Ligand SMILES: [Zn+2]
Ligand SMILES: [Zn+2]
C-alpha cells in the first residue's frame, strides 16, 4: 500500500467531512496520469470544501439561482449548479458553456464569481472535459468557478404512495472523473448512446449510498416524474427526503430552486397546485435540514434556460 492509497481510503470512509480541496485537486491530477496537468490551472475548479460552504451560505438565497433579466443585468445571478453538454444530451460543448459563463461573469459580476456545474447524464466524460478545458486555458476562466459533476438516473420504489416505481435523478458534485470506480461505472462506450441508458437503472438507495464517498450527493428537480400521484405527491416528498437523509451522513441538498419546472413538467401539475407543491418541497427541505440549491438544468443553446 502506498501513501496515496491510504489517503483514498480515508476519503472513502470518513464521508461526514468533505475532502480538502487541495487533496481533491491533487487526486485528479494524479489519476489523470497526464503529466502536463497542474494545480495552478485548476484554480477555477470548485472543490468539495468550497462548494459545501457556498451552498450552505446560499440555502436561503433563491435570487442567486434565478436568471431573471433583472438578476442577470445586476450581476445578482451567481449560480447554475446543473447543466448538460454534448457529452450527453446537451446542445453545446463543455467549453462553450464555460465560455458563456465566463463572458457573463466578466461583464456583470463586479465582485465574486458565477458558479456552474457540468453534470452530464450517467457519464464522467463531461467532468473530464472540464478538467481538460481548464488545463488548456490556465488563465482564461478568472470570473467563474466550475464544478465537475454527473447526473445519475435512478428508480425509487415506494409501496406507500405509488403503485409504480418513480424516476429520480441524482446529482453528484465535485467528483474525480478519473477515479477508477466512477470511470468504470460511468464509462461511455458509444458516443451516440447519448444517455448511456444501456447501463442498468439503479435503485435510489443504492445510488445514494454508493456515491456518497465520491462527491456531494443530492436530489435533482424533485417535482419531476411524480406529477401523476395526486395528493400523494406530498407524502411522497416527505418520504423521499426522509429516506435520503437517513442514507447519507454528510452534506445533503436538493434543487428546491430549480428554474425549469415550467418547461419540463409533463403531467397535470398546473397553476396554484404547482405553486403549492413547490412551496411544500421548499418547506420540507428546510424542515429536514436539506440545503436548497438551484439550476436551469441547461440542455439547449444557453446556460440561462432549459431549452
Ligand atoms: Zn434530470
Ligand atoms: Zn439534468
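The numbers here are math on the coordinates, done by the rules we state, and not lab data. Quantities reported herein were computed from a predicted structural model and do not represent experimental measurements. Reconstructed Cβ throughout: ideal geometry from the backbone, glycine too, with neighbour counts over all protein chains shown.
Some observations on this one:
- Whether the range 109-155 is rounded, prolate or oblate, judged on the alpha carbon gyration tensor where a/c under 1.5 counts as rounded: oblate
- The residues 159, 27, 246, when put in order of fewest to most other Cβ atoms within 10 Å, stand as 159, 246, 27.
- Between residue 93 and residue 275, the simple label model (points 7 Å from Cα in the Cβ direction) yields a spacing of 4.4 nm.
- Taking all Cα pairs closer than 8 Å and separated by 6 or more residues, the relative contact order of the range 65-132 comes to 37 percent.
- Reduced Cα scattering model of the chain, Debye log10 I(q)/I(0), q = 0.07, 0.14 Å⁻¹: -0.25, -1.06
- Largest mean-square fluctuation among 55, 150, 22, in a Gaussian network model of the chain whose springs join Cα atoms under 10 Å apart, belongs to 22.
- Taking the empirical scaling 2.2 N^0.38 Å for compact globular proteins as reference, the range 52-200 has a Cα radius of gyration ratio of 1.15.
- Helical runs (DSSP H, four residues minimum) scored at -39500 (n - 2.57) apiece and divided by the length of the chain put the mean residue ellipticity at 222 nm at -11500 deg cm²/dmol.
- In terms of its alpha-carbon gyration tensor, the range 74-129 comes out prolate; a/c meets the 1.5 threshold, and the first ratio a/b outweighs b/c.
- For the range 99-172, the relative contact order is 31 percent, taking Cα pairs closer than 8 Å that sit 6 or more residues apart in sequence and dividing their mean separation by the residue count.
- Order of 169, 160 - criterion: other Cβ atoms within 10 Å of each residue's Cβ, fewest first: 160, 169
- Residue 184-residue 246 FRET efficiency (beta carbon distance; Förster radius 30 Å; 0.05 resolution): 0.60
- Mean-position separation - Cα centroids, the range 152-173 and the range 29-84, in angstrom: 27
- Label-point gap, in nm, between residue 231 and residue 136 - each point 7 angstrom along Cα→Cβ: 5.6
- GNM result for the chain, Cα springs below 10 Å: residue of 254, 52, 296 fluctuating most strongly: 52
- Each label point was placed 7 Å from the Cα along the Cα-to-Cβ direction; for residue 76 and residue 110 their separation is 1.5 nm.
- Residues 255, 206, 40, 135, ranked from the fewest to the most other C-beta atoms within 10 Å, line up as 40, 206, 135, 255.
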